[in-house]
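Worksheet: the structure to be examined is printed underneath.
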Amino acid sequence: MAEIKDIYKNRIREQLKQAGKKSVPYKQLYAKCKGKKPSAAAFAAAISELKRSGVITENKVGLKLASEAGLFRAVVARINKTFGFIRRDDDTEVFVPGKFLMGAMPGDIVMARLLPQKGELPEGEVVTIVEEGFSEFTGVVEKDGNTVCIRPDTLGKELMIVSKLDVPVREGDKVVAEICRRGERHSEHRVRVTGVFGDSGKAKSSADAILHINGVETEFPACVLDEARYAEHKGIPEGEPMRRLDLRDETIFTIDGADTKDIDDAVSVKKTEDGWELGVHIADVSFYVKSGSELDKDAMLRGTSIYYANKVVPMLPKELSNGICSLNPQEDRLAFSCLMKLDPEGQLVSYKFSKTVIRSRVKGVYSEINVILDCVKNGTEIPSELAEKYDGLIDSLLLMDELAAILTANKLNRGAPQIETSECKLIIDENDVCVGVEKRERGRSELIIEEFMLMANTSAARLAKENGIPFVYRIHEDPAPEKIQELVDVVSRMGIAVPHFTSVKPKHLAEILVKTKDSALSPVVNNMVLRSMAKAKYADEPIGHFGLVLADYAHFTSPIRRYPDLAIHRILTDFCYNKQSAKYMQKRYAGFAKEASQQSSECELTAMRVERDCEDCYIAEYMTGHLGETFEGIISSVQEFGFFVELPNTVEGLVSVESLKNGPYDYDGHFTFTKNGKSVYRVGDTVKVVCVRADVNSGKVDFTVCGDSKAESDDEDLV
């Protein structure tokens, strides 16, 4: 069958090539291709394969070569309310207006043609759908008379009629549905509801739907839980501490957020005549999660833990993440320690990776340690409850602060850009409702841990590269030239002096940030610089980290919540602890490092998207309690359709250009709305706004400028 099918594929290509731009009817083409031993089934299979691979296309008349029809094969990448994107086989994306999607869904394989380009991306239209992908989507239940409909969260503006109702729903429910019959437009699809998450006005319902549609499993398979429970029950096997470096008498402790339960890193510092001894002690997760186990396979699929609001979807079951692997205070724990020696200037002199057993003195908390450091700095008395909790550890904290300051200075001297982004903290009440949004502040203790983890991560990557063993590196490529040119153009227009360069270096971006550090433009420029840079990812080749200005970098310090860290623990264990040769390491781990890098990068992108989308829903939920209230914020970005305003607590909302009175306004294509040639609304401007809409389902917040909305303008006209 396969051989006959291949013969047919060649004959079909030849016949259609001869036909040129003319379509050949199916029966006519079969007659020309069937030969002496015809097989209708093999011919049909050949046609199907050629269509799926984008070699040929079919219309109402017949078949022709896709190249003759000006068509190309693509997969539908994603769809929004009014447009979508398809991805060609060469990975370039093509923008498709909604009316030209032909009802295509994400994952569909389509044949498309290019249209005259109007924006930055190539523009095209879908001509035929070659193969349907999985057609599941989320939306909100609405009723049109007696007809139950779904208004999709994406996939166009129109309602989709529910033709099959297998589960009870109420109007306003957030649901997941799938298409059971397709039409030529999204509004013509017929759907059935497969899951109900609850009231779409509740952030929890929307967050649950976001997790589901992104394929995030919130429960663990029974076989995974069984292995986790066995590992917890086994604990630390008798005799295992004797095979390790015993550090239980050392001054080692953890520093985390107050609510952290999955504690995977602890630290220790000593000052010596030659400089510093820095210990970073990481939970030895690879001891409990063996290669090829159900725990390991599931962890690789998840790639990372996902954190949003007050919740976590852990990479590992809580029996490990919060239990035997968590470096809980006053409990013996197995660790993998990076023991480093630094000179007085904080430069790395040597490092050693050792399997250890440790006992954390205390669960340090960022906010508490920040208070202690501030008290010492200001010469005030440390609160008694903190003095008691950290009794015997204050000197270590001061040494840590001293060393971290040296390491931070080294980072600045390397020219690393100090990007300060606005992170939010959500306050969730007992009913799972967001009742507060605050800007997350970073103090000295957060910076201490950050600097120490950077040193351990650098040491791990350096060891791997120097010894030529397979590894999962954390890489950050140089920014794309067009992104940097756009940054330079915009920043220059804002009146900020830009350093001269032909090839951008980290220090050039750092200089731009320093020049705006104390101005109102600082948060805006920070975001611009961040957007100009490439996204960090994982790779099995050590190309370095642009943003940190490091030639060697990996993620060693969080194996409880990141699979790449767990992967390199496994690799380092074989090399450092089991003393395996580099040749053996290449043979065993080269494929694993490549697979883990790719999978971890993909999982990280999914996690970031899920966390952002979920938090947007909770923020919108909070703002539903503040409709009609006035706030002061900064214009964070300007687009053709309006501008975004960020409040001091990090809440961001859109002021639509349509809501502005006294228009029309001209958009300069960068960061300003002008009227009569004069700037009216500009990035960095402080404005007073009123919250007029907060849609929990979409996670979107809308503002109007005080005294400057169409509604108020119309009222004035009536008066």
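Against the numbered list (1) more than 25 Å from Phe83 (Cα to Cα); (2) surrounded by 13 or more Cβ atoms within 10 Å (Cβ to Cβ); (3) hydrophobic (A, V, I, L, M, F, W, C), Val176 comes up short only at (1). Filtered by the rule that a residue be more than 19 Å from Leu412 (Cα to Cα) and aliphatic (A, V, I, L, M), segment 495-506 gives Ile496, Ala497. The set of residues from segment 315-354 being over 29 Å from the mean Cα position of the chain (by Cα), assigned to a strand (DSSP E or B) and within 13 Å of Ile236 (Cα to Cα) comprises Asp332, Arg333, Leu334. Scanning segment 355-373 for residues that are in a strand (DSSP E or B) and not β-branched (Val, Ile, Thr) yields a total of 4.
Applying the set (1) at pLDDT 85 or above; (2) within 24 Å of the chain's Cα centre (by Cα) to Asn80 leaves exactly one unmet item: (1). Applying the criterion of being in a loop (DSSP other than H, G, I, E, B) and under 31 Å from the mean Cα position of the chain (by Cα) to the residues of segment 661-679, the residue that is surrounded by the most Cβ atoms within 10 Å (Cβ to Cβ) is Phe671.
The lone criterion from (1) out of contact with any strand residue (DSSP E or B) (no Cβ under 6 Å at 6 or more places or on another chain); (2) at pLDDT below 95 left unmet by Tyr577 is number (1). Among the residues of this structure, Arg151 counts as one that is under 22 Å from Val175 (Cα atoms), of a type outside the set (A, V, I, L, M), surrounded by fewer than 19 Cβ atoms within 10 Å (Cβ to Cβ) and out of contact with any helix residue (DSSP H, G or I) (no Cβ under 6 Å at 6 or more places or on another chain). Every test in (1) within 24 Å of Leu211 (Cβ to Cβ); (2) buried (at least 19 other Cβ atoms within 10 Å of the Cβ); (3) not aliphatic (A, V, I, L, M) is passed by Gly124 save one, and that test is (1).
In segment 82-101, the qualifying residues are those that are touching a residue at least 12 places away in the same chain (Cβ under 8 Å) and of a type in the set (Asp, Glu), and the one that is farthest from Phe72 (Cα to Cα) is Glu93.
Residues are listed down the side, and each one gets a yes or a no for (1) under 24 Å from Tyr307 (Cα atoms); (2) modelled with pLDDT of 95 or more; (3) touching a Leu at 6+ places or on another chain (Cβ under 6 Å); (4) among the acidic types (Asp, Glu):
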{"position": "Glu511", "(1), (2), (3), (4)": "no, no, no, yes"}
{"position": "Val514", "(1), (2), (3), (4)": "no, no, no, no"}
{"position": "Lys517", "(1), (2), (3), (4)": "no, no, no, no"}
{"position": "Val524", "(1), (2), (3), (4)": "no, no, no, no"}
{"position": "Leu530", "(1), (2), (3), (4)": "yes, no, no, no"}
{"position": "Phe556", "(1), (2), (3), (4)": "yes, yes, no, no"}
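Against the test of being more than 23 Å from Gly699 (Cα to Cα), touching a strand residue (DSSP E or B) at 6+ places or on another chain (Cβ under 7 Å) and in contact (Cβ under 8 Å) with a residue 40 or more places away in the chain, the options Ala69, Ala104 yield a single qualifying residue, Ala69. Taking residues in segment 279-296 that are within 16 Å of Ser321 (Cβ to Cβ) and modelled with pLDDT of 95 or more, and partners anywhere that are acidic (Asp, Glu) and in a strand (DSSP E or B), the pairs with Cβ atoms closer than 7 Å and at least 6 places apart or on different chains are Ile282/Asp265. Of Gly323, Gly303, all but one fail to be small (Gly, Ala, Ser) and on the phi > 0 side of the Ramachandran plot; the exception is Gly303. Applying the criterion of being in contact (Cβ under 8 Å) with a residue 40 or more places away in the chain and among the hydroxyl-bearing types (Ser, Thr, Tyr) to the residues of segment 150-194, the residue that is nearest to Ile129 (Cα to Cα) is Thr154.
Flag: Phe43 matches the condition of being modelled with pLDDT of 85 or more and in contact with a helix residue (DSSP H, G or I) (Cβ under 7 Å, 6 or more places away or on another chain). For segment 76-108, how many residues meet the condition of being among the hydrophobic types (A, V, I, L, M, F, W, C) and in contact with a Ser or Thr (Cβ under 9 Å, 6 or more places away or on another chain)? Total meeting the criteria: 3.
Counting only residues that are of a type outside the set (Lys, Arg), in contact with a strand residue (DSSP E or B) (Cβ under 9 Å, 6 or more places away or on another chain) and touching a residue at least 60 places away in the same chain (Cβ under 8 Å), segment 297-319 holds 11 of them.
Is at least one residue of segment 540-555 buried (at least 18 other Cβ atoms within 10 Å of the Cβ), assigned to a helix (DSSP H, G or I) and in contact with a Pro (Cβ under 9 Å, 6 or more places away or on another chain)? No, the conditions are met nowhere in segment 540-555. Could you check Ser601 against (1) more than 30 Å from Arg244 (Cα to Cα); (2) assigned by TED's automatic domain parsing to the domain that holds Leu327; (3) more than 19 Å from the chain's Cα centre (by Cα); (4) small (Gly, Ala, Ser) and say which number it fails? Tallying (1) more than 30 Å from Arg244 (Cα to Cα); (2) assigned by TED's automatic domain parsing to the domain that holds Leu327; (3) more than 19 Å from the chain's Cα centre (by Cα); (4) small (Gly, Ala, Ser), Ser601 fails exactly one: (3). Checking the structure you have, find out if any residue of segment 690-703 is farther than 30 Å from Asp208 by Cβ and outside any strand (DSSP E or B). No, segment 690-703 has no match at all.
Looking across segment 201-254 at every residue that is among the aliphatic types (A, V, I, L, M) and within 25 Å of the chain's Cα centre (by Cα), the one that is nearest to Phe287 (Cα to Cα) is identified as Val216. Answer yes or no as to whether Ile324 is touching a residue at least 40 places away in the same chain (Cβ under 8 Å), hydrophobic (A, V, I, L, M, F, W, C) and in contact with a Gly (Cβ under 9 Å, 6 or more places away or on another chain). Yes: the conditions hold for Ile324. Only one of the numbered conditions (1) assigned by TED's automatic domain parsing to the domain that holds Asp552; (2) surrounded by 22 or more Cβ atoms within 10 Å (Cβ to Cβ); (3) closer than 25 Å to Asn410 by Cβ is violated by Pro470, and that is (3). Taking (1) in contact (Cβ under 8 Å) with a residue 40 or more places away in the chain; (2) in a loop (DSSP other than H, G, I, E, B); (3) not assigned by TED's automatic domain parsing to the domain that holds Arg562 in turn, Lys507 satisfies each apart from (2). Checking each residue in segment 24-56 for being surrounded by 19 or more Cβ atoms within 10 Å (Cβ to Cβ) and either of a type in the set (Val, Ile, Thr) or touching a residue at least 40 places away in the same chain (Cβ under 8 Å) (or both) picks out Val24, Ala42, Ala46, Ile47, Leu50, Lys51, Gly54, Ile56. Note on segment 507-531: among residues that are of a type in the set (D, E, K, R) and farther than 21 Å from Asn410 by Cα, the one that is surrounded by the most Cβ atoms within 10 Å (Cβ to Cβ) is Arg531.
Of the residues Thr304, Thr251, Thr272, Thr260, which is buried (at least 21 other Cβ atoms within 10 Å of the Cβ) and polar (S, T, N, Q)? Answer to the check: Thr304.
The values are calculated or read from the model by the stated rules, or taken from the named source; none is laboratory data. From a predicted model like this one, the values you see are computed outputs, not experimental measurements. Methodologically, a virtual Cβ is constructed for each residue, glycine included, from the backbone with ideal geometry; neighbour enumeration extends over all protein chains shown.
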